[in-house]
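**Student:** Mind having a look at this structure? Questions to follow.
The values are calculated or read from the model by the stated rules, or taken from the named source; none is laboratory data. Predicted, not measured: the structure shown is a model, and the values here were computed from it. Every residue, glycine as well, gets a Cβ built from its backbone with ideal geometry; the counts of neighbours run over all protein chains shown. For the accessible areas, the whole protein counts, side chains as well, though only heavy atoms, and no ligand, DNA or RNA atoms are used. Shrake-Rupley method; radii C 1.70, N 1.55, O 1.52, S 1.80 Å.
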Amino acid sequence: MTPTQRAAAACCLLALAGHATAEQPKEPEFQHYSIDMEAKLLSDRKTRGVSDSFNGPGAEFNLTAAHESGLVGYLELGSVSKTLYPKGRGIVLTTAIGYRGGHPDGFHYGVGAAQEWFPRAKAEGAPTGIDWTTGEPTGVEDTKFDTSYGLIEFGYGLFYGRYLYVASKDFRGNNTSVLCGSTYLPDVLAGGDPSKAMACYDSAAQHTRGSQLLDLDMKYPLGGQTKLLAHLGYQKIRHFSGINGTDYRLGLMHTLNGLDFTAEVVGASLNNRDFARITAGDGQVKRMDRTALVVGMGRRF
């Protein structure tokens, strides 16, 4: 090979080497956020141990988005009974935004705000008081069920807790006109004893802003694809100690072929169980706080 040929070959090798360097694959980029979704079917859709579906089946879909900075967003769409939430669309939309910190396997915490919307649902013209000499209302009001919360989360390992403070005028529509009117007035109108209704309406019309809620949860792995689920909740409702109380659930979750199957015993214990007794339009009376076996099937995406 002549000197000229050797020089040309060297130039070609340098060019190929430069091209190979330029074509080297880039370092993989790490995803800075996560999005988790889940759809569920349930034999009874309960909130805080009290049925939102009039003791019937329900469904929900939820989405959680988390950024590496700690910013978290949550959205849930669930079915509700129009008997419990009249005039509405039969759905509740829950949204939340907040910040989470700490270590998932160690101590973790979070702060945020949440909002529940019950589209178009409201109790119309419910009495705020009764003149018992004439039997006529002393006032009426319309009540929406939408609720705003401030919240704090905390946990360690498998244990998770949440504290909520009700910032809206009412907690899910609970006030004098709705509680007293829906619980006791049907009995009075049917000719029953008015004493409980009179006691309920005894003070001026009250609302439930400032109510406080506490939840404690645990998911404990039992081996394989099975987990033990446990929950204990407490609520202190401002101006209405009758609906102060606890709620609970205990059961199992088993994952099979990408589906989560759950079976839980769920219920609530209120200071005054009358407030969980609902009369439907056809006169049917049901207890929303009854302890029941709730089975479900969910799919995570």
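**Student:** Between N257 and E136, take the C-beta separation as r, use R0 = 35 Å, and let me know the FRET efficiency to the nearest 0.05. List each step's numbers first, then the result.
**Tutor:** Numbers: r = 62 Å, r/R0 = 1.76.
According to the calculation, E is roughly 0.05.
**Student:** A follow-up question, please. When every alpha-carbon pair in the stretch 157-301 is counted, what percent end up more than 20 Å apart?
**Tutor:** Details: 6187 of 10440 pairs.
It works out to 59 percent of all Cα pairs.
**Student:** Rounded to whole Hz and in sequence order, give me ³J(HN,Hα) for the stretch 45-55 from the Karplus expression 6.51 cos²θ - 1.76 cosθ + 1.60, θ = phi - 60°, writing x for Gly and Pro.
**Tutor:** Each residue of the stretch 45-55 in turn: 8, 10, 10, 6, x, 10, 5, 9, 10, 6, 6 Hz.
**Student:** While we're looking at this one, here's another question. What residues qualify as long-range amide H neighbours of R89, i.e. H under 5 Å apart, gap of 5 or more or another chain, H built at 1.01 Å from N?
**Tutor:** When sequence neighbours closer than 5 places are left aside, the close amide H contacts are A121.
**Student:** Would you mind putting 39-51, 136-148, 274-286 in packing order, based on average other-beta-carbon counts within 10 Å, highest first? Kindly include the intermediate steps, with their values, before the conclusion.
**Tutor:** Values: 39-51: 20.6, 136-148: 16.7, 274-286: 14.1.
Highest mean packing first, the order is 39-51, 136-148, 274-286.
**Student:** Let me ask another. Tell me, what ³J(HN,Hα) does each residue in the stretch 228-233 have, in order and in whole Hz, if you take phi through Karplus 6.51 cos²θ - 1.76 cosθ + 1.60 with θ = phi - 60° and put x for Gly and Pro?
**Tutor:** 8, 10, 9, 8, 9, x
**Student:** In addition: Beyond 29 Å, what share of the Cα-Cα pairs of the chain is found? Please give it as a whole percent.
**Tutor:** Numbers: 20713 of 45150 pairs.
When every Cα pair of the chain is considered, 46 percent fall beyond 29 Å.
**Student:** For the stretch 112-173, what is the per residue volume of the convex hull drawn over the alpha-carbon atoms, in cubic angstrom? Each step should come with its number before you reach the end.
**Tutor:** Details: hull volume 6.8 nm³, N = 62.
Normalising the Cα hull of the stretch 112-173 by residue number yields 110 Å³.
**Student:** So how strong a dipole does the stretch 43-141 carry about its Cα centre when Lys and Arg Cβ are +1 and Asp and Glu Cβ are -1, to the nearest 20 debye?
**Tutor:** Working: 9 positive and 11 negative charges, 45 e Å.
It works out to roughly 220 debye.
**Student:** Percent relative contact order of the chain, based on C-alpha pairs within less than 8 angstrom and at least six residues apart? Display every interim value, and only then the final one.
**Tutor:** Working: 692 pairs, mean separation 42.6, N = 301.
Once normalised by length, the contact order is 14 percent.
**Student:** Please compute the length gained on full extension between S34 and A205, using 0.36 nm multiplied by the number of residues separating them and subtracting their Cα-Cα distance. Working shown, then result.
**Tutor:** Numbers: separation 171, 0.36 × 171 = 61.56 nm, distance 4.59 nm.
Length gained between S34 and A205: 57.0 nm.
**Student:** Taking 41 Å as R0, compute the FRET efficiency from the Cβ-Cβ separation of H103 and N271 and round it to 0.05. Kindly include the intermediate steps, with their values, before the conclusion.
**Tutor:** On the way: r = 39 Å, r/R0 = 0.94.
Computed FRET efficiency for H103 and N271: 0.60.
**Student:** Binning every alpha carbon pair distance of the stretch 237-301 at 10 Å from zero, what are the percents per bin?
**Tutor:** 19, 32, 29, 18, 3
**Student:** Based on the mean of other Cβ atoms within 10 Å per residue, sort peptides 252-261, 182-191 so the most packed one is first.
**Tutor:** Going by the mean number of other Cβ atoms within 10 Å, highest first, we get 182-191, 252-261.
**Student:** Run through all the Cα pairs of the stretch 142-221 and give the fraction in each 5 Å bin from 0, expressed as whole percent.
**Tutor:** 3, 14, 17, 14, 13, 12, 10, 8, 6, 3, 1, 0
**Student:** Please report, to one decimal in angstroms, the Kirkwood hydrodynamic radius of the stretch 37-159 built from all distinct Cα-Cα pairs. Spell out each step's value before the answer.
**Tutor:** Details: mean 1/r = 0.0589 Å⁻¹.
Computed over Cα pairs of the stretch 37-159, the Kirkwood hydrodynamic radius comes out at 17.0 Å.
**Student:** Solvent-accessible area per residue for the stretch 20-167 at a 1.4 Å probe radius, Å²? Let's see the in-between values first.
**Tutor:** Values: 8600 Å² over 148 residues.
That works out to 58 Å² for each residue.
**Student:** Report the charge-dipole magnitude of the chain in Debye, nearest 20, computed about the Cα centre from +1 at each Lys and Arg Cβ and -1 at each Asp and Glu Cβ.
**Tutor:** Details: 30 positive and 31 negative charges, 61 e Å.
Charge dipole of the chain: 300 debye, to the nearest 20.
**Student:** On to the next question. Taking the alpha-carbon distance from K219 and a cut-off under 15 Å, which aspartates and glutamates remain once sequence neighbours fewer than 8 residues away in the same chain are dropped?
**Tutor:** D105, D260, E264
**Student:** Quick check: pseudo-label points 7 Å beyond the Cα along Cα→Cβ at L228 and R89, how many nm apart are they?
**Tutor:** So the two model labels end up 4.2 nm from each other.
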